[in-house]
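The structure appears right after this line, and notes come after that.
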Amino acid sequence: MDLTLLTICLAIGCGIAAGLLAGLFGVGGGVIFVPTLVLVFAFTQLDAQATSLAAIIPVAAVGAWRQTSDENVYWRGALIMGIGAAVGVLFGAEVATRLPDELLSQVFGAVLILSGGEMIVSASRRIKAKRLG
Amino acid sequence: MDNASNLPKVSVYPLLGIGVVSGLFAAMFGIGGGVVIVPLLLLLTKLPPRIAAATSLATLLLTSLIGTVRYAGSDHIDWVAAIVIGAPAVIGVLLGIHFQKRLPADWLVVGFGVLIIGIGLKLVLQL
């Protein structure tokens, strides 16, 4: 990355936005890091994903530490999911090279849209019920 | 207030399954982690939203460490860039947690729904 005033400002903006999402919703920030590195800083997809992983470490570390002090982290669950994820990454790398990934990612996107819609509908019902109750 | 020390018992299999799926998706689509973990935790384990988000971050700490170690030997990681975007993100995560504590859990779920619909649209439209 070339460090100019503009790239530093963009990086700071993208970093803060990614961190906010991480703190609010528990996503790592890769959702913002990867496209920013590819589109703004002309990284290749692989370089962007690898760099994004490294950038997520301090975010997840500070976030998990802060949440642990408030007893919000279920560490047993995190450890078990972490082990599962390590296995999943190995398999995923095998599968990814053999499938038409454009269609696949569209299917995945559609699933996300549906589950997002379901979340909003069910949470709005609970919000409404609380208001009436 | 929900607290990780008085949770309903969660069996090991859904957790392991969620981990595997999140790893699979991370490798296949470059989007894994929290985007997959949080909705599945809400759906399969009935963990409260705040605990699900915090626990997802702890899982990401493990997976990002493992992933980084795997790439560290190659020259795919731009360490300067990682620091330049990672350091402000640390400020962002503290701010995000500050807001998260003040937001009612149901509104948190609505916000997350909006976020994943946005990501879903991006994938469907191939942007």
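At a glance:
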quantity: Residues satisfying the stated conditions in region A:21-31, i.e. under 21 Å from residue B:127 (Cβ atoms) and in a helix (DSSP H, G or I); calculated: A:21, A:25, A:30, A:31
quantity: Selection count where residues are touching a Pro at 6+ places or on another chain (Cβ under 7 Å) and free of Cβ contacts under 8 Å to residues at least 40 places away in the same chain, scope region B:29-86; calculated: 4
quantity: Selection count where residues are outside any helix (DSSP H, G or I) and surrounded by fewer than 23 Cβ atoms within 10 Å (Cβ to Cβ), scope region B:1-46; calculated: 11
quantity: Residue check for residue A:42: modelled with pLDDT of 85 or more, more than 7 Å from chain B (Cβ to nearest Cβ) and at positive phi; calculated: yes
quantity: Verdict on residue A:65 being of a type in the set (Phe, Trp, Tyr) and either more than 7 Å from chain B (Cβ to nearest Cβ) or touching a His at 6+ places or on another chain (Cβ under 7 Å) (or both); calculated: yes
quantity: Members of region A:24-36 that are within 7 Å of chain B (Cβ to nearest Cβ) and more than 11 Å from the chain's Cα centre (by Cα); calculated: A:24
quantity: Pair list, Cβ under 7 Å, 6 or more apart: region A:32-47 residue under 19 Å from residue B:123 (Cβ atoms), other residue not in a helix (DSSP H, G or I) and not hydrophobic (A, V, I, L, M, F, W, C); calculated: A:34/B:30; A:45/B:30; A:46/B:76
quantity: Qualifying residue in region B:100-113 (condition: more than 7 Å from chain A (Cβ to nearest Cβ), outside any helix (DSSP H, G or I) and either touching a strand residue (DSSP E or B) at 6+ places or on another chain (Cβ under 8 Å) or farther than 20 Å from residue A:91 by Cβ (or both)); calculated: yes
quantity: Residue in region B:62-90 that is farthest from residue A:56 (Cα to Cα), counting only those that are among the hydroxyl-bearing types (Ser, Thr, Tyr) and facing chain A (nearest Cβ under 7 Å); calculated: B:71
quantity: Any hit, region B:54-73, residues being more than 19 Å from residue A:32 (Cα to Cα), at pLDDT 90 or above and of a type in the set (Val, Ile, Thr); calculated: yes
quantity: Per-region count, region B:1-54, residues over 16 Å from the mean Cα position of the chain (by Cα) and within 20 Å of residue B:103 (Cα to Cα); calculated: 5
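The values are calculated or read from the model by the stated rules, or taken from the named source; none is laboratory data. No experiment lies behind these values; they were computed from the predicted model shown. In this analysis, Cβ positions are derived from the backbone assuming ideal geometry, glycine residues included, and neighbour counts consider all displayed protein chains.
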